[in-house]
Each structure stands twice: as C-alpha cells, then as structure tokens.
Amino acid sequence: MDLGILPRPVQRHRPDRQPRLLLTQRRPDHRSLRQSRMSHHVRSLSDIDPSTAANDPRPSASFSPHLLRLVTNAMSDRLLDPAPPDPPPLYRTTDHWFQRATAALLGEVPCRLGCTSCCIGPFPITLLDVQTLQQGLAGLPPDHRHHIEQRAIEQTSVMEAAFPQLTHTDLLDKWTDQDIDRLVTEFHHHPCPALDAEGRCGVYSHRPLVCRSMGIPTEDRGLAQGACEIQTFIPILRLPSSFRQEEDRLAQEEASALEALRQHTGTAGEEVFLPYGFLQHETGEKV
C-alpha cells in the first residue's frame, strides 16, 4: 500500500467521480453535552427545598429522600463512566495540520458541519483506524453503540453476499484496485454507520485519519485538483510546500505506526472497508 499521501484510500472512493469530502469540521462532543445536562438535572433535584415546596401553588411531584438518593446515585454513577482514551498523537497532529492548512487557504475549503457528501459510501481504512474506532465506540452509551454496530452488520452482510471473498477475510491487501472500485461503486449509497440523521459523526473524536485530512485540494505533478465533488473550484492560493512536506512526514509516521501494530498483532494485512472497523472481531482470516 502506498502511504505517500494520507488521503489515498479515498482516492478509490468513487472511480467515476472525484473523491468525496469527509467530515473535517470539529463538532461538540455529544457525551460531554449529555453529561452536562445530566449533572444540571442532578443539581436541580438536590436543590429542592421541602419547606418552600409546600407553599408552591404549582402542582409538584413528591420526592422521598430515599427516591432522591436512588436517582442521584444512579446519575452520579453514569457521570463517572470512564471516557474513552484520547486518539493517538498522530490523529491529533493530523487535525492540527488540517486546521492550519485550511487557514493557509484563507477559508476556501468548504468543509462544514452537516456536509456529508463524502460520508456516503464505503472506502478502505487502516488497522490503526480500526483500533481507534473501537476505542471511540467503547465510550459511547450502549444504545448508541448498538445502533452504529447494527448498521455496520447490515452493511457488511450485503457486501459479503455480493463479494463472497469477504466471508473468508475482511483484509483488502490481496484485492486489486479494480475489485475495490467495483465494491465502492455498487454500495456508493451506503452512509457511514456512524453518521446520524442530523449529519453528525457519532465517533467524531475517533474518526479515521483519512476523515481528518480529506478536504485539502490535492496536487499531482504541479496540477491542483479539488479534493471532492463539492469543491467546484481550486483556491487561488496554493498550499505552501512546507505543508506538503509535513503531510509526507505524517504519512511516514502513519506507515511506521501501522507496521508496529502489524508486528504486535501478527496481522498480515493493512486495510479493511470502513463498516468492518465498527465490528467487534479479530481482523483477518475468518473461520
């Protein structure tokens, strides 16, 4: 696999069109917002003053001390659930690179909250991404995680029916580019399992590397191209060469980290299709 350019997996995303744009605008952490609302609710319950409640003309519920303790303790336990670990430094460094590259292009990159054009359709991700996605899933509420995993199961089931080789292994390293193109074309209408109805990414803080770097116009032999079908024009400014050099360094760092992971796990391959990254199983040969 050529790791010379970070967004390479998406270059195969749609053979008949330019690569799709992936979510790159940082979004609120839904878990933190939910915990904040819960903590406010706990405080509102504990602030009830029985002496004034009796004189309140509004209908009110009766809260026994025992019930209040049960509710408060249950919510406190929920608030103390361990948060998922931060993604590896490479992922945060890639975020920083994208933010600075966007600023260098004077805001011409159209990536915005709710732009989901490139979140539709499968594409290859690395085993590093699989590991990071699983960390993100582990920190989600059980029902939220179940919905994402169920969508991934549904998508991989129909993919395996159309491409039986996936029933033997989900690794793509023996696939030709033509076979990968055929699959992504056939299932180009499948949204990412983590994409919700409002166009938000359910695992945004743990999204794959390609989702973090996609959106910056690419250059090949001195020619610039829009990174996705939304980019109908190329910014007047070209990205300074220092950013391209940093992009190459990030790609090398990704390659080194991926090789270290392969040696640690004994896995022979490097890539799987996106939906497989949300499933809890050993990547590789299936029994």
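Here are a few things to note about the model shown:
- Only one of the numbered conditions (1) in contact with a Phe, Trp or Tyr (Cβ under 9 Å, 6 or more places away or on another chain); (2) over 13 Å from Pro275 (Cα atoms); (3) buried (at least 18 other Cβ atoms within 10 Å of the Cβ) is not met by Pro124, and that is (2).
Quick grid of which residues meet (1) touching a Phe, Trp or Tyr at 6+ places or on another chain (Cβ under 8 Å); (2) at pLDDT below 90; (3) surrounded by fewer than 18 Cβ atoms within 10 Å (Cβ to Cβ):
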position	(1), (2), (3)
Cys192	no, no, no
Cys201	no, no, no
Met214	no, yes, no
Gly222	no, yes, yes
Glu247	yes, no, no
Glu253	no, no, yes
Leu261	no, no, yes
Val272	no, no, no
Gly284	no, yes, yes
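- Residue within segment 201-216 that is out of contact with any helix residue (DSSP H, G or I) (no Cβ under 7 Å at 6 or more places or on another chain), in the same structural domain as Gln134 (by TED's automatic domain parsing) and β-branched (Val, Ile, Thr) present: no
Residue-by-condition table, conditions (1) surrounded by 18 or more Cβ atoms within 10 Å (Cβ to Cβ); (2) modelled with pLDDT under 95; (3) of a type outside the set (A, V, I, L, M); (4) not assigned by TED's automatic domain parsing to the domain that holds Leu171:
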{"position": "Ser44", "(1), (2), (3), (4)": "no, yes, yes, yes"}
{"position": "Ala53", "(1), (2), (3), (4)": "no, yes, no, yes"}
{"position": "Pro59", "(1), (2), (3), (4)": "no, yes, yes, yes"}
{"position": "Thr72", "(1), (2), (3), (4)": "no, yes, yes, yes"}
{"position": "Thr94", "(1), (2), (3), (4)": "yes, no, yes, no"}
{"position": "Thr102", "(1), (2), (3), (4)": "yes, yes, yes, no"}
{"position": "Leu106", "(1), (2), (3), (4)": "no, yes, no, no"}
{"position": "Leu133", "(1), (2), (3), (4)": "yes, no, no, no"}
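- Complete set of residues in segment 145-173 that are within 14 Å of Pro191 (Cβ to Cβ), surrounded by fewer than 20 Cβ atoms within 10 Å (Cβ to Cβ) and of a type in the set (Val, Ile, Thr): Val158
- Pairs where the first residue, in segment 158-171, is outside the structural domain of Leu127 (by TED's automatic domain parsing) and touching a residue at least 12 places away in the same chain (Cβ under 8 Å) and the second is among the acidic types (Asp, Glu) and surrounded by 13 or more Cβ atoms within 10 Å (Cβ to Cβ), C-beta under 9 Å, 6+ apart: none
The values are calculated or read from the model by the stated rules, or taken from the named source; none is laboratory data. Bear in mind that the values here come from a model prediction, so they are computed numbers and not experimental data. Neighbour counts run over all protein chains shown; Cβ positions are idealised from the backbone, glycine included.
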